[in-house]
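Report on the following structure.
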Amino acid sequence: MYRSNEDRTEHSASFHQALYQRLMSHAVKEDPNAGFLAEMIASWIAGEGALPRFMGLEKDAYDAMLETFFPGMSPLDAGDRNDIEPERGPELEDVKALLLTHRNNSTDAELWVAQIVASGCMGSDHLWSDLGLFSRKNLGIMLKHNFTALAVLNDKNMRWKKFFYRQLCAKEGFIMCRSPSCETCSEYKACFAEDGMFD
Ligand code: SF4
């Protein structure tokens with residue numbers, strides 16, 4: 001059957017939403033991570049965002065994550081998503097380590113979220129969009145929920161990926177900025193967002 005581009009876009013959006021609703025109907029209610037993961041999984045399956053195979057997790061961890069947060073859900077796999085280039089492995093591990101150094105130690109889900117977020121940082125769009133989250137605000141809330149000590153350090157509303165890399169550079173004693181002050185820097189709009197992070 002012929003479908004116009006508009007029809008295809010509409011079909012894909014309704015598939016995306018239907019999948020999200022199906023995930024949420026299985027979601028455990030106790031942990032807000034279920035909602036964030038449902039957004040990311042639905043986007044990933046619908047071919048949106050930049051998450052790689054199994055959302056950056058090992059297959060076993062991916063299956064365990066689905067079973068923990070969406071019990072009874074039939075297996076979901078986005079199939080042919082690419083792997084992250086091996087040469088970016090050290091960078092990914094650095095971002096993951098930064099997150100895990102600040103994890104709340106509340107649940108093992110923090111390990112999965114750290115791996116997924118670090119994998120999303122290998123994308124080239126805004127991090128919330130590469131992760132498949134529905135808004136930047138949700139990214140802020142997810143980070144605060146799992147890595148509170150790190151999230152609250154971003155008190156100037158810096159874009160999250162920039163913020164992570166700035167933290168990593170500062171740790172190594174590098175300075176990534178050409179300007180001594182953000183207020184006078186020509187990169188200001190690239191580094192800071194205008195909308196709120198947590199509300
Ligand atoms: S706005 Fe300029 S000085 Fe501030 S973090 Fe960005 S690049 Fe660095």
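Segment Ala190..Asp31, full-extension length gain: 54.0 nm, with 0.36 nm per residue of separation and the alpha-carbon distance subtracted. Here the sum of -39500 (n - 2.57) over DSSP H runs of 4 or more residues, divided by the residues of the chain, equals -16500 deg cm²/dmol at 222 nm, to the nearest 500. Taking one quarter of the surface of the C-alpha convex hull of the stretch 39-155 gives a mean projected area of 7.1 nm². Shown for Ile41, Ile175, Ile116, Ile84: other C-beta atoms within 10 Å of each C-beta, ranked fewest to most, produce the order Ile175, Ile84, Ile41, Ile116. Treating r as the C-beta distance of Cys182 and Arg88 and R0 as 22 Å, the FRET efficiency rounds to 0.20. For the stretch 93-199, the convex hull spanned by the alpha carbon atoms encloses 103 Å³ per residue. Counting Cα-Cα pairs of the chain in 10 Å increments starting at 0 gives whole-percent bin shares of 8, 34, 35, 17, 5, 1.
Cβ crowding within 10 Å, taken as a proxy for footprinting-reagent exposure, orders Leu111, Leu150 from fewest neighbours to most as Leu111, Leu150. Structural descriptor for the stretch 119-199: relative contact order 33 percent, calculated from alpha carbon pairs under 8 angstrom and at least 6 residues apart. Ranked for footprinting exposure by Cβ neighbours inside 10 Å, fewest first, Ser25, Ser129, Ser181 give Ser181, Ser25, Ser129.
Just so you know, all these numbers are worked out from the coordinates, no wet-lab data involved. Quantities reported herein were computed from a predicted structural model and do not represent experimental measurements. Quick reminder, even Gly has a Cβ in these numbers, built from the backbone with ideal geometry, and neighbours come from all protein chains shown.
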